[in-house]
Amino acid sequence: MAGTTLRILIVGAGIAGLGVARALRMAGLRPDVVDREPPSAGPGAAIFLPGNAIRALAGLGLTGPLRPLGAVIRRQSICDAAGEPLCELDLGELWDGVGESRALPRADLQRVLVSAVGGVVRHNTAVTNLELDEGGPVKVDFADGARTEYDLVIGADGRRSTVRALAGLGGAARRTGQFVYRSVVYGGPPVMDWTGLLGAHSSFVVMPMGDRRLYCYAHETVPEDATLPADGLDRVRDVFGGYGGPVPAVLDALEKVQLAAPEEVEVAGWSRGRVLLVGDAAHSTSPTLAQGAAMALEDAIVLAEVLRTHAGDLPAALAAYEKRRRPRTRWVLDRTRDRDRTGDVAPDTRDPLLRKRGDRIFRDYYAPLRDPA
């Protein structure tokens, strides 16, 4: 294809960066991929992939490697804090014709993506400076003293993106006012569905991943400037100790917890010259709708498409990319904020509404995402 001589650097070897690398390799391009972390600093806990994320992975030719991993999730059961049912969502019906939903260890997904790009990632490689030349290549300085020119630099380095800062594409990420707790439990209680319990300013979700493993995700609303707890395990047991359903047995089985304070990224533009942001570096949200990986993988597919369509005209390709992707990622941001606000409504108001209209409310969150990116 025209344009296969493009020199492309992808900064970041997480889901976004590896997804873009895979999509570009499928389009005949051979990007360099660097990551400032060592290979051992791999992702922990697990991930829930809705149907549109699975469709994107299929578009990257990864259906086969993904199939034996984790467990297919066919239904979401939403309950009150005591474990009493509020509503259910048939995920097979919601994502019919799009893709199945799946829960799996995050490290397994990472391995699939690394293998898909041939393992060509330069770890322990930090970018220290970008010199943008109007209409010309980007000069990239690395921490080891090397300097290399690239026709396109792609910042896939997460919500605290170095590329975003060096290119002057936006300020710091903003905390969403939540603490999030993630863990994988082995040999816990029998749970067949994605099961979420909603309390006052907090929620606890547990879902199966096969082999007697459960992925646990919990959140609580906090002030934006709240200090992270010193011990996530103690904190999660304290906050959710009064919950019912499977939660008490899960808490008993917990051994360690990953604790995070989610952040949003919202910037006016995703590119400057020949530097482009993708994934969380461009449009991070809280993880409430589980759309972070889906949006990153969709970014990858669309970027490869526009580079093919606008071969030889990089500015047109980057403009076309943002024009296609921004409305969809904006929808996810707005619906994420809506759902976070719903979670903070008093249970005596929220729960009757969910009993009456919960299925419709949750379907509406995802309806436009059934369409291809």
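Where a number appears in this text, it was derived from the coordinates with a stated rule and is not lab data. No experiment lies behind these values; they were computed from the predicted model shown. Cβ atoms come from the backbone with ideal geometry, glycine included; neighbour counts cover every protein chain shown.
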Check your understanding: Which of Gly210, Ser284, Tyr321 sits farthest toward the positive end of the charge dipole of the chain, with +1 on the Cβ of Lys and Arg and -1 on the Cβ of Asp and Glu?
Key -> Tyr321
**Study point:** Calculated FRET efficiency for the pair Asp193/Lys323, C-beta based, R₀ 45 Å, to 0.05
**Key:** 0.75
Check your understanding: Could you give the alpha-carbon Rg of the stretch 68-215 over 2.2 N^0.38 Å, rounded to two decimals?
Key -> 1.46
**Study point:** Shape parameters for the chain, alpha-carbon atoms, Rg then Dmax in Å
**Key:** 20.7, 62
Exercise for review: Order these peptides, 133-141, 318-326, 283-291, 11-19, by their mean beta-carbon neighbour count within 10 angstrom, highest first.
Suggested key: 11-19, 283-291, 318-326, 133-141
Check your understanding: GluC sites (Glu not before Pro) within the stretch 218-264: which are DSSP loop residues with at most 13 other Cβ atoms inside 10 Å?
Key -> Glu224, Glu255
Check your understanding: log₁₀ I(q)/I(0) of the stretch 246-286 at q = 0.15, 0.19 Å⁻¹, via Debye over equal Cα point scatterers, no solvent, to two decimals?
Key -> -0.57, -0.67
Study note, to complete from the structure: Fewest to most Cβ atoms within 10 Å: Ile47, Ile361 sort as Ile361, Ile47
Check your understanding: Helix-derived [θ] at 222 nm for the chain: sum -39500 (n - 2.57) over DSSP H runs of at least 4, divide by residue count, nearest 500?
Key -> -11000 deg cm²/dmol
Check your understanding: Reported to two decimal places, what Rg/Rh ratio describes the stretch 67-122 when computed on Cα atoms with Rh from the Kirkwood expression?
Key -> 1.17
Study note, to complete from the structure: Projected onto the charge dipole of the chain (unit charges on the beta-carbon of Lys, Arg, Asp and Glu, signs +1, +1, -1, -1), the Cα from Gly245, Phe179, Gly14 with the largest positive-side position is that of Gly14
Practice item. Taking the Cα atoms of the stretch 144-217, report the difference between the largest and smallest coordinate on each principal axis, in whole Å and largest first. Key: 54, 32, 21
Point to revise | Unit charges at the beta carbon, dipole of the stretch 39-118: most positive-side option, Val98, Ala56, Ala81 | key: Ala56
Review point. Taking neighbour counts of Cβ atoms within 10 Å as a proxy for exposure, in what order, fewest first, do Cys87, Cys216, Cys79 appear?
Key: Cys87, Cys79, Cys216
Review point. When the dipole is taken about the Cα centre of the chain, and only Lys, Arg (+1) and Asp, Glu (-1) are charged at their Cβ, what size is it in debye, to the nearest 20?
Key: 760
Point to revise | Fully extended contour minus Cα-Cα distance, from Val345 to Asp238, at 0.36 nm per residue | key: 36.4 nm
Study note, to complete from the structure: Ranked from fewest to most other Cβ atoms within 10 Å of their own Cβ, Met26, Met192, Met207, Met295 fall in the order Met192, Met26, Met207, Met295
Check your understanding: Between rounded, prolate and oblate, where does the stretch 238-323 land on the alpha carbon gyration tensor, with a ≥ b ≥ c its root eigenvalues, rounded for a/c under 1.5, else prolate if a/b exceeds b/c?
Key -> prolate
Exercise for review: At 18 Å minimum axial length over the Cα atoms and a Kyte-Doolittle cut of -1.0, report the qualifying DSSP H helices in the chain, or say none.
Suggested key: 292-309
Point to revise | Between the stretch 56-113 and the stretch 203-244, the Cα center-to-center distance that results, in Å | key: 20
